[in-house]
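The values are calculated or read from the model by the stated rules, or taken from the named source; none is laboratory data. Since the model is a prediction, treat every value here as computed from it, not as a measurement. So basically every Cβ, Gly included, is an ideal-geometry build from the backbone, and we count neighbours across all protein chains shown. Side chains are part of the model used for accessible areas, which takes the heavy atoms of the whole protein and leaves out ligands, DNA and RNA. Shrake-Rupley method; radii C 1.70, N 1.55, O 1.52, S 1.80 Å.
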Amino acid sequence: TTVSEWLRDETRRLLAVDRPIDVIHNFFSPRAPGRSREDVRRELGLTQEALVLHLSNLRPLKRIDLLLETVARVQPRESFKLVILAGADFAPHAEQVHRLHLEDRVIVRERVPGVEDYLQAADLGLYTSDNESFCLAILEGMFFGCPSVATRVGGIPEVVEDGVSGLLVPAGDVDALTRAVQRLIGDPAGRVAMGRAARQRAQEKFSADRIVPLYVELYERVCALPPRVS
């Protein structure tokens, strides 16, 4: 199995797999947040600013350098704060935060166990990856009505409908990323509409009720096959 059509095609291309590959997308089962949206925003020092959220393990392909470069260009500067939920040490990126004078715009929380608290407080996600097989973080936000700006790479276009449940831009294009972020920050009504579409898409296509039976059906089908003769 693969979690996206893109990954299926790459598997066939790189590994010359000649047997069937089932595409079964990732799913997410959100827990109820432990705190209210207002409590989380108060903790983060937010008043009227948009909360831009990034959730990842900070691996090189996530392009944290582009993430920070993008938010450094967003205007007006006072219109947002970027919250990074880091699954790894953020220290290697601290120098860029300082160099771009983003100390008052970027908040980092490392290894947060209850990401749902922040997901339900977010206004939009921002993902600048060079590649993604699926990007579960985007889906996690979708379940909480959070649309994302993301690069059009890998399996992301299978998760996000461009212009409907989020905005997709070419990989590495900081200007396009900046324009997309500014568009969602400056259009609260449009952002809410996209978030509503994102939640509906997540529930209809990527819920456990939708995905788990596909695995069960696959297991039953495989177990019914006669043994392969070597």
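Values as computed for the structure displayed
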| read-out | value |
| --- | --- |
| Percentage relative contact order, the range 117-230, counting C-alpha pairs under 8 Å, at least six apart | 25 |
| Ranked order, Cys223, Cys135 - accessible area, probe 1.4 Å, largest first | Cys223, Cys135 |
| Size of charge dipole - the range 1-81 - debye, nearest 20, with Cβ of Lys, Arg +1 and Asp, Glu -1, no other charges | 140 |
| Leu14-Val216 pseudo-label distance in nm [points 7 Å out on the Cα-to-Cβ vector] | 3.3 |
| Normalised contact order of the range 65-108, rounded percent, pairs of Cα under 8 Å and 6 or more residues apart | 54 |
| With Cα atoms, 0 to 90° folded angle of helix 188-205 axis to the chain main axis | 20 |
| The chain - percent of accessible surface contributed by carbon and sulfur, probe 1.4 Å | 52 |
| Residues whose placed amide H lies under 5 Å from that of Ala50, excluding near-sequence neighbours | Phe80, Lys81 |
| Per residue solvent-accessible surface (Å²) - the chain, probe of 1.4 Å | 50 |
| Cβ-derived FRET efficiency at R0 35 Å, Val23 paired with Ala193, nearest 0.05 | 0.75 |
| Relative contact order (%) - criterion: Cα under 8 Å, at least six apart; region: the chain | 22 |
| Computed label-point distance, nm, for sites Cys223 and Arg35 using a 7 Å Cα→Cβ extension | 4.4 |
| Phi-based couplings in Hz for the range 160-170 (Karplus 6.51, -1.76, 1.60; Gly and Pro marked x) | 9, 8, 4, x, 10, 10, x, 10, 10, 9, x |
| Identified option (computed semi-axes √(5λ) of the Cα gyration tensor in Å; candidates (1) 34, 20, 16; (2) 24, 20, 19; (3) 27, 25, 20) | (1) |
| Volume of the Cα convex hull of the range 122-230, divided per residue and given in Å³ | 103 |
| Computed Rg/Rh of the range 38-110, alpha carbon atoms with Kirkwood Rh | 0.94 |
